[in-house]
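S.K.: Provided herewith is a single structure, encoded as structure tokens, for subsequent inquiry.
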Amino acid sequence: MSKKPFNPFPLLSYRGKKYFCDRENELSTMLDHLQNDRNIVLYSWRRMGKSALIYRLFDELESGNFECLYVDFLATRSVEDAINTLTQALYEKYGKTKTGISATIQRLFSVLGVTVGFNALTGVPEINFKVNPTTIPEHSLSALGQFLSERKKRVVVAIDEFQQVSNYENGHAEAVFRTWVQQFPEVRFIFSGSHRKMMVSMFAEKNRPFYHSAQLLALDPIPLEKYAPFIQGHFQARSKEISLEQIDTIYQWARGQTYTIQLICNYLFSHCVKVSDADITFVLDEILNQHQGMFGSMAKMLTKTQWRLFKAIAKEEPLQSPQGKDFLLKYGLGAASTVATALKALERLELVVEEDEGGYIVHEVLLSRWMARLV
């Protein structure tokens, strides 16, 4: 376990049960699925804490008869990229020993055609995780699956941002991975993603390879009644104060988004002994101002119509009628057909998403709050 964090509201990684809020229902459901040989699709909007939940789940699983492997497909653009990423994750998990690379991983590397060299100065192994490009991807995946299925303990593989697979160029990647999963029923899989519609489509549409192959689990905001005592408890443990009303203000401003709540509380905890309303206003402004450089370049990425619509959605969210006459006139957006085209582009870029209730919102909370301040 990593060292105890100085600030009890960590932002970048899972730091243990003490610093993890709730998700007891989700944990119970996921444990039941995995222990009864069901794969899982975990999906939510961005920054709701999917990765942290997976690592929290790993805590429970690895205290029993499971081994767990986390893989992130966000940066992958092809099946070959995905195989390289899986290979590297296996090496990090199983390959290192006090004397070098484990014999089992060396055998796997020889099958995959992974090259292993040594630094001339340090003698430390230097591994090229580019699997031999002449090897058929299905053969590489089969070797990886065989390695995992032969472990003494059962293996759970969590693949984060799995929706990337549907964007791979060859168009058959979903079928390739579906076949791989079917080949190794001893291995359990968690398919995680932050593009809700795309993840649901991959596993719920009849014409898709993964149709009905895993149990869908939506990750919604942690309820305020669970988050409030968690936040207050960490403040009180260090002789600091924050009121329930102030926590409610933070929660509503952050739309219940886990990362944003953690970020605001991290700042307040570091700045304050007794939090005032003025402190909250100051911290919110400070956070948004620090993102000025990043968010300020957004306009250059979009057409004028897209940018104007984007700002309007941030000011109105949740926007129920993007082509309604009153909305179009209020923001001078022009024809409904033009707005419809711009909205599709913003959705395709994942800048704007449609909530389950039907309203449109800016996907990223901080970006939404920053844009809402613009004239």
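The values are calculated or read from the model by the stated rules, or taken from the named source; none is laboratory data. Computed from a prediction, not measured in an experiment: that's the story for all the values here. Virtual Cβ from ideal backbone geometry, glycine too; neighbours counted across all protein chains shown. Protein only, heavy atoms only, side chains kept; ligands, DNA and RNA dropped before computing areas. Shrake-Rupley method; radii C 1.70, N 1.55, O 1.52, S 1.80 Å.
S.K.: Could you give each residue of the range 278-284 its phi-based ³J(HN,Hα) in whole Hz, using Karplus coefficients 6.51, -1.76, 1.60 with θ = phi - 60°, and x for Gly or Pro?
M.R.: Per-residue couplings from phi come out as 5, 5, 5, 4, 4, 5, 4 Hz.
S.K.: Okay, moving on. Averaged per residue, what accessible area in Å² does the chain show with a 1.4 Å probe, protein chains only? Please report the intermediate quantities before stating the final value.
M.R.: Numbers: 18660 Å² over 375 residues.
Each residue of the chain exposes 50 Å² on average to a 1.4 Å probe.
S.K.: Let me ask another. Quick check on the chain: helices-only [θ] at 222 nm, where DSSP H runs of length 4 and up contribute -39,500 (n - 2.57) each and the sum goes over total residues. Nearest 500, please.
M.R.: Working: 17 runs with 180 residues, N = 375.
Dividing the helical sum by the residues of the chain leaves -14500 deg cm²/dmol.
S.K.: Place the peptides 182-190, 130-138 in order of packing, highest mean first, counting for every residue the other Cβ atoms within 10 Å and averaging per peptide. Mind dumping the intermediate values first?
M.R.: Details: 182-190: 17.9, 130-138: 13.6.
Ranked by mean Cβ neighbours within 10 Å, highest first: 182-190, 130-138.
S.K.: Structure shown: which of K17/K153; K315/K344; K50/K93; K50/K325; K206/K311; K206/K344 lie over 28 Å apart, alpha-carbon to alpha-carbon? Each step should come with its number before you reach the end.
M.R.: Numbers: K17/K153 23 Å; K315/K344 19 Å; K50/K93 20 Å; K50/K325 38 Å; K206/K311 37 Å; K206/K344 24 Å.
Correct reply: K50/K325; K206/K311.
S.K.: Give me a comma-separated list of calculated 3J(HN,Hα) values for the range 175-190, in order, Karplus coefficients 6.51, -1.76, 1.60 applied at θ = phi - 60°, integers in Hz, x for any Gly or Pro.
M.R.: Values, residue by residue: 5, 4, 6, 5, 4, 4, 4, 5, 5, 10, x, 6, 9, 9, 10, 10 Hz.
S.K.: Any chance you could check the Cα centroid distance between the range 297-336 and the range 229-276 for me, in angstrom?
M.R.: Result: 33 Å between the Cα centres.
S.K.: Another one. Determine ³J(HN,Hα), in whole Hz, for all residues of the range 331-338 in sequence, where each value follows from phi through the Karplus function 6.51 cos²θ - 1.76 cosθ + 1.60 and θ = phi - 60°; x replaces Gly and Pro.
M.R.: So the J values, rounded to whole Hz, are 10, x, 8, x, 5, 4, 5, 5.
S.K.: For R154, list long-range residues whose amide hydrogen, built 1.01 Å from N in the peptide plane, is under 5 Å from its own amide hydrogen.
M.R.: Distant-sequence amide H within range of R154: E67.
S.K.: How big is the chain along each principal axis, measuring the range of its Cα positions in Å and listing the largest first?
M.R.: Taking max minus min along each principal axis of the Cα atoms, the chain gives 64, 57, 48 Å.
S.K.: Another question, if that's okay. What residues have an amide H closer than 5 Å to that of Q215, excluding those fewer than 5 places away on the same chain, when H is modeled at 1.01 Å from N in the peptide plane?
M.R.: Under 5 Å from the amide H of Q215 lie the amide H atoms of N39, I40, V41, each far enough along the sequence or on another chain.
S.K.: Same structure, new question: Share of the chain's accessible area from carbon and sulfur, percent, 1.4 Å? Please list the in-between numbers first.
M.R.: Details: 9580 of 18660 Å².
Carbon with sulfur: 51 percent of the solvent-accessible area.
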